[in-house]
1. Based only on the alpha carbon positions, what is the Kirkwood hydrodynamic radius of segment 284-364, in angstrom?
2. So how strong a dipole does segment 173-340 carry about its Cα centre when Lys and Arg Cβ are +1 and Asp and Glu Cβ are -1, to the nearest 20 debye?
3. For the chain, modelled as a GNM with alpha-carbon contacts under 10 angstrom, which of Glu165, Glu341, Glu174 fluctuates the most?
4. Taking the convex hull of the alpha carbon atoms in segment 200-253, what volume per residue do you get, in Å³?
5. Just need the Rg to Rh number for the chain, please, alpha carbons only, Kirkwood Rh.
6. Apply the Debye scattering formula to segment 108-223, with a single equal point scatterer on each alpha-carbon and no solvent, then give log10 I(q)/I(0) at q = 0.15 Å⁻¹.
7. For Gln178 paired with Glu78, estimate the spin-label separation in nm (one decimal), with each label point 7 Å from Cα along the Cα-to-Cβ line.
8. With a 10 Å Cβ neighbour count serving as the proxy for reagent exposure, in which order, fewest first, do Trp175, Trp201 appear?
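Every number in this text was worked out from the coordinates using simple rules, so none of it is lab data. Small disclaimer: the values here were computed from a predicted structure and weren't measured. Note that we place each Cβ from the backbone using ideal geometry, even for glycine, and neighbour counts take in every protein chain shown.
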Amino acid sequence: MKVIQLLPELKIGGVERGTVDLSEHLKQIGHESAVISAGGELLSLLNDHGAKHYTLPIAKKNIKALFQVKNLRKIYSEFQPDIVHVRSRFPAWINYLALKNFNSKKPIVVSTFHGLYSKPFYSKSMSYADEVIAISQTVEDYIKQNYQVDESNLHLIYRGCDLEEFNTKPLTEEWKEQWFKEFPQTKNKIILNLPGRITGWKGIESFIDLFTHIDTTKFHGIIPGPVAKNKKNYFQSLKKSIKANNLSDHITFCGARSDISDVYKISDIVLNLSSKPEPFGRTIIEAAACGSLVMGWDRGGVKESIKSINAFGLVECGNIQMLAKKIDQILSESPPQFIPEKFTKEHLVNATINIYESALSKAL
């Protein structure tokens, strides 16, 4: 089987990581794998397991990128894929146009809805597929409500957590020593962790508000995540808010962390407080796999993951007082020792390949 995956770029992110994981598994079990993107940091990982990469400038949504239709057809003619797996709306449009007048045998098209896409015409490209994958029940319901997709071709496959990276192996003394050297303010405190990039909908304001309702002599909040250039002003406004609430000694921004699995392990509770429903909420699954207690709003993909791990960690959306009250209660609960199999990388890649094989057998 020849599989080609199509996405904007191979930067560091959940969609990109999942693309590389699937590619690696395909190669391991004897299939041919290729990826089409504008390139990025994860390209070296594709090279490591012997997958092909075709560089196309399809990361930017503009007319110039639409001119890549001809080049995409050329790649398909060369590689002759059995499966084309599209993972983003703009590349899905280019794929749709490329296959419209394709002279060779057309491949099966599979798409993965990675988000709660807007309903307008632009997002329809993700529904122009033979098989459609939703990354959560929340996303599946959204697809049914907003797009014309045959339900027999619609599949639920949760995002997969890599248990080699996220696990309950104890922290090393060296790592702990370095952590407390860098962040001495967290020592002998109950650490509450809100991971994620610094952006307006990740619930950072709610996290700050939470600290006005709890005993700050006991707790310390950490926010590990990168700050993009266009978010610098927002970042400064958050720091001003923390200062205005006299919380500068109690909430710490940690920046982007390559050791996020260890940061989960040092944390007593990992939270997701996003101000809009998450399609999945990967950080909750990763943190639970590392043995951290998890909490979040009772909606979206976060609701699905927490409900499968510890439903007590769910809180009515926006109810900061209830969240504060539940924190002390949840600390008496036993931390998770494992995550459900449906949230693992192994399940993700196997279930996806099953869809490929089933689609090919239907086409015979």
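1. Details: mean 1/r = 0.0692 Å⁻¹.
Kirkwood radius, segment 284-364: 14.5 Å.
2. Numbers: 22 positive and 18 negative charges, 136 e Å.
Magnitude of the dipole: close to 660 debye.
3. Glu174
4. On the way: hull volume 3.7 nm³, N = 54.
In segment 200-253, the Cα convex hull volume per residue is 69 Å³.
5. Details: Rg = 21.7 Å, Rh = 21.8 Å.
Result: Rg/Rh = 1.00.
6. Relative scattering, expressed as log10 I(q)/I(0), comes to -0.86.
7. It is 4.1 nm.
8. Numbers: Trp175 15, Trp201 11.
In increasing order of surrounding Cβ atoms, one gets Trp201, Trp175.
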